[in-house]
Amino acid sequence: MEIPHWKIVSIGIAFLLLLLASSIFLGEFLPQSEIQLKILQFGNYWIGFLIYVISFILVCDLIWLLRSLLAFKWSWMGGPLIRTKTGVILLAVLVLGGSFLSTLYGAVHAKKIKTSFHDITINKQVDDLKKMKVVLIADLHLGYSVGSKDMQKMVDGINKQDPDLVVLAGDIFDNEYEALDDPKHLSETLHQIQSKYGTYAVYGNHDVKETLVAGFSIGASKKALRDPRMDEFMEEAGITVLEDESELIDQKFYLVGRLDGEKNGRGTSKRKSIEELTADLDQTKPLFVMNHEPDELKEYDKAGVDVLFSGHTHAGQFFPLTIAQPFAWKNYWGVKQIGDMYSIVTSGVGVYGPNIRVGTDSEVMVVTVHFE
């Protein structure tokens with residue numbers, strides 16, 4: 001019996017899609033090589049495409065459900081077209097085409113690092129210092145999706161602002177240190193960051209050693225350990241990491257760095273409270289805190305913190321996850337005043353999971369702090 005041509009084409013397309021989908025897992029079984037790296041990088045794009053395929057299908061299902069519930073009389077939905085192979089093909093083209101274009105746009109847009117500007121005022125005097133320019137960056141996720149070229153653009157963007165202080169609010173790495181395209185070049189690039197008071201950082205929940213599949217960490221554990229090479233990398237990059245520590249900078253202001261509350265890389269889930277970290281500090285001086293996740297905001301205000309710098313949320317990174325972020329966090333992006341404290345959250349430079357951004361920007365955030 002002769003098989004219709006359209007069925008052969010459909011089977012061929014299905015097999016191709018299955019083969020492409022296997023890239024998500026295939027790279028984990030291959031020895032470390034340039035081919036493996038390319039497959040893993042492709043998997044990070046492919047997972048984004050699949051998410052949009054599912055999203056488009058859900059939208060179609062929702063439209064169909066609403067039609068049934070509300071008894072809409074749409075001839076284009078009730079006619080014979082949707083019950084034919086032509087209708088099925090048209091629907092497939094719509095879903096796959098829309099998903100491809102969304103993924104393509106997101107992949108290109110994710111590589112464009114924008115600069116956002118914000119101003120805040122703190123009611124504290126700092127000698128003759130009237131204002132200070134702080135650059136906030138976070139969520140670099142150095143690895144399969146983010147590499148040396150991206151970091152050079154970020155560093156150029158930071159130095160263009162001539163900042164007084166640069167703070168890096170966690171997730172410098174994307175779990176697997178082996179995924180760095182050129183560790184030495186990357187550390188040298190980050191070492192180019194210029195500022196009056198230096199560059200300081202905290203670690204985030206991805207700055208621990210865990211296996212990634214399509215950009216998502218698996219086997220997640222609160223007691224996951226940090227790869228020692230990450231500490232060496234930060235030292236070579238000239239970045240001071242504060243782990244439940246405070247530093248009085250130039251006798252003018254305090255900068256506190258907290259261990260990550262989810263995975264602190266020390267094999268324990270314990271960390272000091274913000275009250276413990278600030279108890280012995282001179283509250284007449286400005287008090288800045290770096291914490292990867294923008295949580296427990298009222299606790300920071302009670303502890304006398306003036307500004308909390310965070311990342312983690314990616315502002316949702318891509319639609320439709322962007323819809324959920326305002327419900328998940330009291331401040332999911334931007335500047336929000338909580339009592340006398342400012343919570344400042346950046347959408348981040350890099351990406352987690354799918355190598356795309358839709359509805360958000362990769363950003364360098366510039367915060368001008370005024371003292372009065």
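Points worth noting:
- For the chain, share of DSSP beta bridges that run antiparallel, in % to the nearest 5: 40
- Cα-derived Rg over Rh, computed across the stretch 118-233 with Rh taken as Kirkwood radius: 1.04
- Solvent-accessible area per residue for the chain (1.4 angstrom probe, square angstrom): 49
- Descending principal axes extents, the stretch 171-296, alpha-carbon based, whole Å: 48, 33, 21
- Relative contact order for the chain, counting Cα pairs under 8 Å that sit 6 or more residues apart, in percent: 22
- nm² value of the averaged projected area, convex hull over the Cα atoms of the stretch 273-336: 4.4
- Excluding exposed DSSP-loop trypsin sites (Lys or Arg not before Pro) (at most 12 other C-beta within 10 Å), longest clean stretch of the chain: 271-372
- Altogether, the Stokes-Einstein calculation at 25 °C and 0.890 mPa s, with the Kirkwood radius of the stretch 204-362 over Cα pairs as Rh, returns a diffusion coefficient of 146 µm²/s.
- Rounded to the nearest 20, the size of the Cβ-charge dipole of the chain about its Cα centre is 1840 debye, with Lys and Arg at +1 and Asp and Glu at -1.
- From largest to smallest, the equivalent ellipsoid semi-axes obtained for the stretch 287-372 from the alpha-carbon gyration tensor read 25, 14, 10 Å.
- Translational diffusion of the stretch 104-171 was estimated from the Stokes-Einstein equation, with Rh taken as the Kirkwood radius over Cα pairs; at 10 °C and 1.306 mPa s the coefficient is 111 µm²/s.
- Note on the chain: Cα convex hull, mean projected area over all directions, 23.0 nm².
- 10 Å beta-carbon shell around residue 138, net charge (K/R +1, D/E -1): -3
- Cross-link pairs exceeding 20 Å in C-alpha to C-alpha distance, out of 131/252; 270/330; 272/298, comprise 270/330.
- Only beta bridges with both residues in the stretch 265-372 are counted; by DSSP, about 40 percent of them are antiparallel.
The values are calculated or read from the model by the stated rules, or taken from the named source; none is laboratory data. What you see is a predicted model; the values in this text were computed from it and never measured. A quick note on method: Cβ atoms are made from the backbone with ideal geometry, for glycine too, and the neighbour counts reach across all protein chains shown. Ligands, DNA and RNA are excluded from the accessible area calculation, which covers all protein heavy atoms including side chains. Shrake-Rupley method; radii C 1.70, N 1.55, O 1.52, S 1.80 Å.
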